[in-house]
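S.K.: Mind looking over this structure? Questions follow.
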Amino acid sequence: MARLPLALDWRTFAVCTDADPEIFFPVGDPDDPFDARNAEALSWCEVCPVRSECLAFARRYRLPVVPRA
């Protein structure tokens with residue numbers, strides 16, 4: 001599968017590019033949006049224009065991350 005040029009890659013438009021990546025690998029329950037340990041990551045995700053693309057990526061590669069569309 002060919003990679004998109006960086007300018008067209010969905011990750012270019014993610015609002016969390018400056019966030020500490022560790023917040024997206026929580027100790028909280030990733031399936032519980034009310035778990036306070038997930039709050040910081042979810043605050044980035046709820047305003048992100050590429051949230052659905054990020055979730056699809058996480059599911060495809062089975063990443064244990066917080067984003068839930």
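S.K.: Of the residues in the stretch 45-66, how many are within 14 Å of residue 19 (Cβ to Cβ) and part of a helix (DSSP H, G or I)?
M.R.: Final tally of qualifying residues: 3.
S.K.: Name the pairs whose Cβ atoms lie under 6 Å apart, with the first residue in the stretch 7-34 and over 18 Å from residue 47 (Cα atoms), the second open to solvent by 100 Å² or more (accessible area, probe 1.4 Å) and modelled with pLDDT of 75 or more, and 6 or more positions between them or separate chains?
M.R.: Between residues of the stretch 7-34 that are over 18 Å from residue 47 (Cα atoms) and residues that are open to solvent by 100 Å² or more (accessible area, probe 1.4 Å) and modelled with pLDDT of 75 or more, the close pairs are 26/37; 27/37; 28/37.
The values are calculated or read from the model by the stated rules, or taken from the named source; none is laboratory data. Computed from a predicted structure; not experimentally measured. As a convention, Cβ positions derive from the backbone with ideal geometry for all residues, glycine included, and neighbour counts pool all protein chains shown. Ligands, DNA and RNA are stripped out before the accessible areas are found, and what is left, the full protein with its side chains, is counted by its heavy atoms. Shrake-Rupley method; radii C 1.70, N 1.55, O 1.52, S 1.80 Å.
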